[in-house]
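Notes follow once the structure below has been shown.
Read-outs: derived from the displayed coordinates by stated rules, not from any lab. Since we're looking at a predicted model, the values are computed, not measured. Cβ coordinates were reconstructed from backbone atoms using ideal geometry, including for glycine residues, and neighbour counts include every protein chain displayed.
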Amino acid sequence: MEAQGGAPAVVERDGRRLMKINMGPQHPSTHGVLRLIVTLDGEVVVGVEPDIGFLHRNFEKIVEGWSYPGIVPFSDRNDYLGAITNEVAVCLAIERLAQIEVPPRAVYLRVLFCELQRILSHILFYGTFGLDLGAFSPFMYAFREREWGYTLMEKATGARMLYAYNRIGGLRNDLPDEWFADLEKFLVFMERQAWPEYMGLLIENEIFRERTIGVGKLTPEQAIAWGASGPVLRSTGVAWDLRKAAPYLGYERFEFDVPVGKNGDTYDSAMVRMLEIKESIRIIRQVLKMLPDGPVLARVRPNLRPRAGEYYSRVESPRGEVGVYLVSDGSARPYRLKWRAPSFCHLQLVPAMGGGGKVADLIAAVGSLDVIMGEVDR
Amino acid sequence: MAGGKDATPDATGRGAAAGGNSVPMARPADSGSAGPTVAAGGQDAAVAPELPTPELETLRQVIARRLSHLEPDGATVGLPAFRVVRERLLETARQWRDAPEIGLEYLSCLSGVDYRDHIDVVYHVFSVAHPGRGAVLKVAAQKTGTAGPWLPSVTAVWPGAEWHEREVFDLLGVRFTDHPDLRRILLPEGFSGGYPLRRDFSDERVQRERKVRQR
């Protein structure tokens, strides 16, 4: 830990003069407060060591003192770009232990919001990944749709990012008919205009391809051994998606494909996310067709006491596998709640992805992981 | 993989979840009365956990038959769960990963849970090659002894455990032997206030004065 601000530390190793410098914690490409201690030989990255914990608030300790309904809004803050999926992960764990039956309409709407959230998160990834690589315009296009999507979310839930929309036993409120018409307009625009534009502006761009193809390569064996999930794992060619592998919320009812990459590089990782936007639109269309009528919230007593036991719920968030390990002792507060964050596992891959390349490739590698420091540090 | 399209909407989402698998918290005999125990009794007390899919039930039987040193753990809902002694943890982890009919190569989650007299470390492992498989392995780290709670590291089996073990070390104070880089990960380097996720932790920092206008 020689690099502590001020002048870069110089270390001699095997007759080479290596430099240890900080990238972050406040670096534009680290998406939050991630500090990478980078050892450089000229412009070549010899070693990377991620240093995390700047946003640590001990979520897991705090919720041990809280009643169950309070945990759901707090879980939004972990992955703040996938807030709905966090809520769903927590709610599934609590509902399973408390044996609460969620009304069918709420289950379908949860699927709808999970997928809408995935689209919005991937749009932001598209914008910021381009920004990391020096492409500014795609970012503006991405924020055009993101703004629209967040307005949709606001109309439905009352909040733009941290929704607190899921309740134990369902959802807070139903949606007016006009909202579905707005959503349809958004989906049509995404599909017909925005998505082709995204591809043309960035993904098919020659400079972007040069910067990403073959950069930050991972093998499937590496990805599985290090606990990668989501688009990072799928970019290596492993068709592993919890919506197919361990369906929750009745995902087995919907027809969709799992896009996979071939080379496990940053380009494939971006491409997988772009294709997932299309699959999410497909799922939302099916939800809209199949959506049953009825209530959206089951009757749950406010002072909820799930039975004693343990349950591990897994949900495919935009970033990968979110896991909630809930231990209940039968009281009104959880005995232990462990949050498994996909970004936490993915950051372990940074040395493997960024080592040996240039500094600019390290930035591409970190950007392609799409880490959210809120869930890494918890 | 996909179920029938006309399957009934299942709120909890784990396939045909049975409603009747109420599982009382079963603790190993040596852990005493510490931790979350629930009053025994009720007609479900002796019922083994019913697993949601036949594949998981098969896996439970395979593990129980092949690895007789594992003790079934009744507290877990939805996954087969076993308890192992510390001395045989590494060997068991290897068998779980490498035996073809078990094949759990994906470590999803590694958590520590403080039960006052000991700390349980819980491994949630799944299989990417066989998506229906998954199991839970538990091992207790006793707090007695001068060395404090310690366990062998499983990073040699599942490399992704590295940061998870650092986190358990940081927040619960379990040392992992043969860990490649056991350092604090989330708390600041100079933190000396104890282990926040232990049940007896109290925040000793000076509380800041709150400026609240009196009404």
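Scalar couplings 3J(HN,Hα) for the stretch A:198-213, obtained by applying the Karplus form with A = 6.51, B = -1.76, C = 1.60 to θ = phi - 60°, are 4, 4, x, 6, 10, 5, 8, 5, 5, 5, 4, 5, 4, 6, 10, 5 Hz; x denotes Gly and Pro. Whole-Hz Karplus values for the stretch B:82-96 come out as 9, 10, 10, 7, 4, 5, 10, 4, 5, 4, 5, 4, 4, 5, 4 Hz, taken residue by residue from phi with 6.51 cos²θ - 1.76 cosθ + 1.60 and θ = phi - 60°; glycine and proline positions read x.
Note on the protein assembly as shown: dipole from Cβ charges, positive end direction compared against B:Pro100, A:Leu97, A:Ile224; the farthest Cα belongs to A:Leu97.
When A:Glu12, A:Glu279, A:Glu210 are sorted by how many other C-beta atoms sit within 10 angstrom of their C-beta, beginning with the fewest, the order is A:Glu12, A:Glu210, A:Glu279. Using the Stokes-Einstein relation with a Kirkwood hydrodynamic radius computed over Cα pairs, the translational diffusion coefficient of the stretch A:212-352 at 25 °C and a viscosity of 0.890 mPa s comes to 143 µm²/s. Within the stretch B:82-145, the GluC sites (Glu not before Pro) that combine a DSSP coil assignment with at most 14 other C-beta atoms in a 10 angstrom radius are B:Glu101.
If neighbour count is taken as other Cβ atoms inside 10 Å, put B:His124, A:His56 in order from fewest to most.
Lowest count first: A:His56, B:His124.
Between A:Arg160 and A:Met199, the contour length at 0.36 nm per residue exceeds the alpha carbon distance by 11.4 nm. Please determine, in degrees from 0 to 90 and to the nearest 10, the orientation of helix A:266-290 with respect to the longest principal axis defined by the Cα atoms of chain A, where the helix direction is its Cα long axis. The angle comes out at about 10 degrees.
Given a Förster radius of 56 Å and the C-beta distance between B:Glu57 and A:Ala181 as r, what FRET efficiency does 1/(1 + (r/R0)^6) yield to the nearest 0.05?
0.75
Each residue in B:Glu189, B:Glu209 was given a count of other beta-carbon atoms within 10 angstrom of its own, and listing them fewest first yields B:Glu209, B:Glu189.
For A:Lys358, a cut-off of 25 angstrom between C-alpha atoms picks up these lysines, skipping any fewer than 8 places away in its own chain: A:Lys20, A:Lys217, A:Lys262. Distance between the 7 Å Cα→Cβ label points at B:Lys143 and A:Arg301: 3.2 nm.
Which whole-number value in Å³ per residue fits the convex hull of the alpha carbons of the stretch B:47-177? Please report the intermediate quantities before stating the final value.
Numbers: hull volume 13.7 nm³, N = 131.
Enclosed volume per residue, from the Cα hull, is 105 Å³.
Shown here: the protein assembly as shown, whose C-alpha atoms stretch 68, 68, 67 Å along the first, second and third principal axes, sorted largest to smallest.
Note on B:Val85 and B:Glu204: with the Förster distance fixed at 41 Å, the Cβ-Cβ geometry gives a FRET efficiency of about 0.70.
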